[in-house]
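**Student:** Handing you a structure now.
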Amino acid sequence: MRGRFITLEGGEGSGKSTQARRIAAALTDAGLPVLLTREPGGSAAAEAIRRLVLAGRGLDPVAEAMLMFAARREHVQASIRPALAAGMVVVCDRFADSTRAYQCHGQGVPMPVFEALAPLALEGLAPDLTLVFDIDPAQGLARAGSRGLAADRFEGLDLAFHARVRAGFLAIAAAEPSRCAVLDAARPVDQVAAAVRAILSDRLGL
């Protein structure tokens, strides 16, 4: 089987990380080779950039977008492309759509900045399927806060920012329906997981 590339996107507390782990476990149980990874991060250098971005209050938004794409380039070259070339299913918790939603829609980075950086970092790489986990930002932030972990700087931004991020993800999904599938992430975890399995079967035959 050729490699498949699945990305999971959504706002804070949408449950995408939980669903990414479930997808990877289910595909592994089915006998498929799987790489479960995340962004920003996914390789040693990219994880170092992740720590900088998530802790770096006051970063210029364009500089932040550039850092995201630097991490993404390293991740793609070091982890994603080799896994796909080996015929693996890559399950990635966030990818380029998060930069469009968070930095462009959320923080006002001009879209031409994204359009200039993306080809350099990705060289044409795009997901076969993107699952967009949609949830009201207030509910998502409440979920994220209940985890008992220290909030990163994105979780600490105001509700208006998170509303713009949500609108960004929905706009991306509406513009690319052949790639994206939107799920109601407010439902119980098992119901969301069942919907994910149905989409994987229908869209990718997995």
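**Student:** Under 7 Å between Cβ atoms, which residue pairs at least 6 apart in sequence (or on different chains) link something in region 4-24 that is within 24 Å of ALA83 (Cα to Cα) and without any contact (Cβ under 8 Å) to a residue 60 or more places away in the chain with a partner that is of a type in the set (A, V, I, L, M) and outside any helix (DSSP H, G or I)?
**Tutor:** Matching pairs, first to second residue: ARG21/LEU36.
**Student:** Out of (1) part of a loop (DSSP other than H, G, I, E, B); (2) out of contact with any helix residue (DSSP H, G or I) (no Cβ under 9 Å at 6 or more places or on another chain), what's the single condition that is false for GLN191?
**Tutor:** Failing condition for GLN191: (1).
**Student:** Need the failing condition index for ALA101 against (1) buried (at least 24 other Cβ atoms within 10 Å of the Cβ); (2) over 29 Å from GLY145 (Cβ atoms), just the number.
**Tutor:** That leaves (2) as the condition not met.
**Student:** Mind telling me which of the residues PHE161, PHE154, PHE169, PHE133 ends up being touching a residue at least 40 places away in the same chain (Cβ under 8 Å), under 26 Å from GLU64 (Cα atoms) and in contact with a Lys or Arg (Cβ under 8 Å, 6 or more places away or on another chain)? Full working, then the answer.
**Tutor:** Details: PHE161 fails: in contact with a Lys or Arg (Cβ under 8 Å, 6 or more places away or on another chain); PHE154 fails: in contact with a Lys or Arg (Cβ under 8 Å, 6 or more places away or on another chain); PHE169 fails: in contact with a Lys or Arg (Cβ under 8 Å, 6 or more places away or on another chain).
Checking each option against the conditions leaves just PHE133.
**Student:** Now a separate question. So which residues in region 72-131 are over 26 Å from GLY15 (Cβ atoms) and of a type in the set (Val, Ile, Thr), if there are any at all?
**Tutor:** Within region 72-131, VAL109, VAL113 qualify.
**Student:** Can VAL182 be described as crowded, with 17+ Cβ neighbours inside 10 Å, at pLDDT 95 or above and assigned to a helix (DSSP H, G or I)? Give the derivation first.
**Tutor:** Numbers: crowded, with 17+ Cβ neighbours inside 10 Å: yes; at pLDDT 95 or above: yes; assigned to a helix (DSSP H, G or I): no.
No: the conditions fail for VAL182.
**Student:** Among the listed residues ARG81, ARG38, ARG94, ARG72, which satisfies the condition of being at pLDDT 95 or above, touching a helix residue (DSSP H, G or I) at 6+ places or on another chain (Cβ under 6 Å) and not hydroxyl-bearing (Ser, Thr, Tyr)?
**Tutor:** On the way: ARG81 fails: touching a helix residue (DSSP H, G or I) at 6+ places or on another chain (Cβ under 6 Å); ARG38 fails: touching a helix residue (DSSP H, G or I) at 6+ places or on another chain (Cβ under 6 Å); ARG94 fails: touching a helix residue (DSSP H, G or I) at 6+ places or on another chain (Cβ under 6 Å).
Step by step, each of ARG81, ARG38, ARG94, ARG72 is checked, and only ARG72 is at pLDDT 95 or above, touching a helix residue (DSSP H, G or I) at 6+ places or on another chain (Cβ under 6 Å) and not hydroxyl-bearing (Ser, Thr, Tyr).
**Student:** If I go through region 29-71 residue by residue, how many of them are part of a loop (DSSP other than H, G, I, E, B) and without any contact (Cβ under 8 Å) to a residue 12 or more places away in the chain? Walk me through how you get there before you give the answer.
**Tutor:** To start, the set of residues in region 29-71 that are part of a loop (DSSP other than H, G, I, E, B) comprises 30-33, 39-43, 56-60.
Remaining after also requiring without any contact (Cβ under 8 Å) to a residue 12 or more places away in the chain: 31, 58-60.
Total satisfying the criteria: 4.
The values are calculated or read from the model by the stated rules, or taken from the named source; none is laboratory data. All figures in this text were calculated on a predicted structure; none of them were measured in a lab. Reconstructed Cβ throughout: ideal geometry from the backbone, glycine too, with neighbour counts over all protein chains shown.
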